[in-house]
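Undergrad: Take a look at the following structure, please.
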Amino acid sequence: MANLLEWAEEADSTHETDTFFADVIVPLPLPNLYTYRIPKVLNQVLQMGMRIVVPFGKSKVLTGVVRRIHQQPPKSYQAKYVLEVLDEAPSLTEQQLALLEWMADYYLCTIGEVLNVAMPSGLKISSESKMQLNPNGLHSEVPLSDKEQLLVEALQAQDSLNYQEAAELLGMHNIYKIIKSLVQKEVLLLYDEVKEKYQPKVVRKVRLARAYVLAENIETLLENLAKKPKQGDVVLFYLNQVPVLQDWTLNESGLPKSTLTKAPALSNSALKTLISQGVFEEFEVIVSRFEDDIVLPEKEVSLSPQQAEAIEAIFQSFAQQPITLLHGITGSGKTEVYIRLIQEALAGGSQVLYLLPEIALTTQIVSRLRKFFGSAMGIYHSKFSDNERVEVWQGVLSGRYEFVVGVRSAIFLPFRNLGLIIVDEEHENSYKQTDPAPRYHARDMATVMAHLQHCKVLLGSATPSFESYYHAQTGKYGLVQLKERFGNAELPEINLNDLRDERKAKTMHNHFSSTLLEAIQARLDKQEQVILFQNRRGYAPYLSCQICAWIPKCKHCSVSLTYHLYNQELRCHYCGYVEHPPQQCPACGSTQVETVGMGTEKIEDELKIIFPHHQINRMDLDTTREKNSYQQLIQDFENRQIDILVGTQMISKGLDFDNVSLVGIFDIDRMLNYPDFRSIEKTFQLLTQVSGRAGRKDKKGEVIIQTVHPDKVVLQKVIEHDYIGLYESEIAERQSFLYPPFTRLIKLIVKHPEKTQSLRLAQTLATQLRQQIAPKMILGPEAPVIYKIRNLYHYHLLIKIDRNAKQLKALKQFIGQTVDKERSNKTWGKCKIVIDVDPL
């Protein structure tokens, strides 16, 4: 950036034919690309897909990505200069840039928003505010306070300080008044230091100086250190770890300094002395943040006849069309099919992407895949640090990782030769991003990538989304089925436990039926494991006064506060608001304030009382916030260190535990009554997936579903394992009422601090949209069940568009323009309008 003026002067002296411009994507929600002038010294350097530093506005600098290079200056503004190039080679490929543009167009957002989500934050730059002495200032002649004088003296010694360093120096939290005073006195200058966020991992190592590598010199050294035993111990320890006498070249790699400093018998001061005397030398090496696993020879995966037939059928399907749906029941061995397909793709020289819906699922799958692919496999998910994600990104670019396992954000990785995408558990809602824009669905983006990258896509599930199964039935996708469990394992027996009978007989134990408790005890007696599913975390959904029925509510949202026993707090799961549980009712003063309902924390707590001699753990968002917490829980359960695992829906997603013989399901009636056209489908999927955790391998599994509505059709279909029957009845109903897959949906979410304004804005949008779209195809505006979140009142509009509409693009443009018009209308004040294409 210091060369900006030189570049500008140089560029101005060149002929117009030597002037080039770059259209740049900046990671901001802006509709257009910005054009920047390329300094002449960069004409032969800059390429499409490279990251660059560009000025934006009066004082900002941003990381942008070059979309195209040309010689047409912008007509409406003076192009600023590119400040710096961050890459030696492009960080984004042509296919990636095309995907970003497609997503911005389809999801009615800006390409800057897509870039902001797609590119790891570690690949962007950050600016840090710093201060230095004004070289033209008269700091020796102006009156300074003691604190100001201390800061000036520090800057005379250190050249520059950041705000945190200055605050620590002065022993103050708020130093802005002092800084403002020194700036006004023209003593200080403030500036932003721009730097890349990504920092490679550096390991400090030590090795013997070259003069001491030869055997006779080592012998002399040890003789000289005979009277300095602590230093001699350090040298002998090094020689034991690095046998340079056998192979002197090993000394080049040295030993991590921490190995010596952490050795209990060695003296750190002795090591320092040896370094200062030139016996050892220090050096740094850049290393990977990931363990360098030994690349194992590929093992031949063992396949059943049914799996082998499925693989052959998939290849035949791929010969006809790029996308195939693999419908395999739980426990049918889809993972083994995936492994063989991955091996075939890699052998053919192609890259492979394996998508999973949840981080929890990557833990178990990765350990299985490591046995076949070793260090050739990369892992990419949001629990990784910024630096770790950058290393995987760069590993894909460099070719180190030809095969990546990841969650939805992995679709943005810079593959150059992608041959196969596997979307496991393709029905899962976790593939859909809800905030921020783009609100994309990774499964759908995989199908788009099939066309952009000319690759094949395999969608896999025991309970495919009805949309995917419809596309397979109508020939848009290929269809392959696995109808038997691997290794002759049987599907679990599913029983409906009618809680009405238990309550009449007074055999309920809090929230546990006697049937479920007896089944748990029987399994524990056999040293088998149990999974209990409750799709609500926390201790209890809410508290309630038993006298006046008062319920604590969130101050910012239209929901009750969830009680968390462990932290002794009432918490809103929408905005994070927290307050302490009251000792007495604030409305009537009664002390009879009790918990109502149950969450995973309460179930865990009660189980520990009922089964005090057994290990009980919980897997939900509250217990898996740490980076390796998923992995530790799953590992403990696999190693049978946990007898009963209580969890939310994250335990339903493809996990495989061979000692689980019983699954208990709570509170399923709440899902059945949720106002959503997909509620029946989602309930069936969730119940089937949770049930599939029981009875793997040679154990006959049992599932007990506690319900007060055992006659519901969807529950009968779950018992019968009848996916097809449920699909046929639901798809007919969707066709009648014009829901996907027969239409496309776009939801508009209007948010405003004032309820009346929110409704008026939603009504205005509905009126304008009905001028171009049939009124029956626009539902609402309606307030959702939770109508207030973070002090904003919500209203929803649901727009249906015929899937075969000839003017689909024009209709979407009309919707986008209508929304943009109202967003810019100052009448609405602090309004927000969210466009959600293909909402869940």
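Undergrad: What cysteines in the chain have no other cysteine with a beta carbon less than 4.7 Å from their beta carbon?
TA: If one checks each Cβ against the other cysteines of the chain, 109, 455, 575, 831 turn up with nothing under 4.7 Å.
Undergrad: Under 20 Å Cα-Cα from residue 700, which aspartates and glutamates qualify once same-chain neighbours fewer than 8 residues away are excluded?
TA: The reachable aspartates and glutamates, counting only those whose Cα sits under 20 Å from residue 700, are 484, 490, 493, 518, 525, 528, 638, 643, 656, 658, 720, 722.
Undergrad: Follow-up question, since we're still on this one. Identify all aspartates and glutamates with a Cα-Cα distance to residue 262 below 19 Å; exclude those on the same chain that are fewer than 8 residues away in sequence.
TA: Excluding near neighbours in sequence, the set is 233, 281, 282, 284.
Undergrad: On to the next question. Where does the charge balance sit around residue 105 when Lys and Arg score +1, Asp and Glu -1, over other residues with C-beta under 10 Å from its C-beta? Provide the component values of the computation, followed by the final result.
TA: Values: positive: 809, 812; negative: 101.
Taking every other residue near residue 105 into account, the sum is +1.
Undergrad: Compare 824, 652, 267 by solvent-accessible area with a 1.4 Å probe and give them largest first, with all protein chains kept in place. Mind showing how you got there, number by number?
TA: Working: 824 85, 652 0, 267 25 Å².
Accessible-area ranking of 824, 652, 267, largest first: 824, 267, 652.
Undergrad: While we're here: Per-residue accessible area for residue 230 at 1.4 Å probe radius, Å² rounded to 10?
TA: We get 130 Å² for residue 230.
Undergrad: Also, I was wondering about something else. Using the Cα atoms as the points, what is the convex hull volume per residue of the stretch 325-473 in Å³?
TA: Here the figure is 115 Å³ per residue.
Undergrad: Taking 41 Å as R0, compute the FRET efficiency from the Cβ-Cβ separation of residue 673 and residue 614 and round it to 0.05.
TA: Working: r = 34 Å, r/R0 = 0.82.
The computed FRET efficiency comes out at 0.75.
Undergrad: Out of the stretch 312-397, which GluC sites (Glu not before Pro) are coil in DSSP terms and have no more than 10 other C-beta atoms within 10 Å? Don't skip to the end; give the middle numbers.
TA: Details: sites: 312, 336, 344, 358, 388, 391; in loops: 358.
Sparse-neighbourhood loop GluC sites (Glu not before Pro): none present.
Undergrad: For residue 268, what is the net charge nearby, where nearby means another residue's Cβ is under 13 Å from its Cβ and Lys, Arg count +1, Asp, Glu -1? Write down the numbers at each step before the final one.
TA: Values: positive: 230, 257, 262, 272; negative: 233.
Once all neighbours under 13 Å are counted, the net charge is +3.
Undergrad: Let me ask something else about it. Any chance you could run the full-extension gain for residue 824 through residue 253? It's 0.36 nm times the residue separation minus the Cα-Cα distance, nm to one decimal.
TA: Result: 199.4 nm gained on full extension.
Undergrad: May I pose another question? Over the stretch 710-831, with the other protein chains present, what is the accessible area per residue in square angstrom, probe 1.4 angstrom? It would help to have the intermediate numbers written out before the result.
TA: Values: 6570 Å² over 122 residues.
Per residue, the stretch 710-831 has 54 Å² of solvent-accessible surface.
Undergrad: Rounded to the nearest 10 Å², what accessible area does residue 671 show when all protein chains are kept and the probe is 1.4 Å?
TA: 40 Å²
Undergrad: A follow-up question, please. Run the reach check for residue 555 against lysines, Cα to Cα strictly under 30 Å, same-chain hits fewer than 8 apart removed. What comes back?
TA: Filter leaves 432, 602, 747, 751, 755, 788, 826, 830, 832.
Undergrad: Which one is right for this structure if P(r) over Cα pairs in 20 Å bins from 0, in percent is calculated from it: (1) 12, 36, 37, 14, 1; (2) 14, 39, 32, 13, 2, 0; (3) 12, 33, 34, 18, 4, 0?
TA: From the options (1) 12, 36, 37, 14, 1; (2) 14, 39, 32, 13, 2, 0; (3) 12, 33, 34, 18, 4, 0, the structure gives (1).
Undergrad: If you don't mind, another one. Counting only protein heavy atoms and using a 1.4 Å probe, what share of the accessible area of the stretch 490-595 belongs to carbon plus sulfur, as a whole percent?
TA: Values: 2490 of 5610 Å².
Ligands and nucleic acids excluded, carbon and sulfur give 44 percent.
The values are calculated or read from the model by the stated rules, or taken from the named source; none is laboratory data. This structure is a prediction, so every number in the text was calculated from the model and none was measured. As a convention, Cβ positions derive from the backbone with ideal geometry for all residues, glycine included, and neighbour counts pool all protein chains shown. With ligands, DNA and RNA removed, areas are computed over all heavy atoms of the protein, side chains included. Shrake-Rupley method; radii C 1.70, N 1.55, O 1.52, S 1.80 Å.
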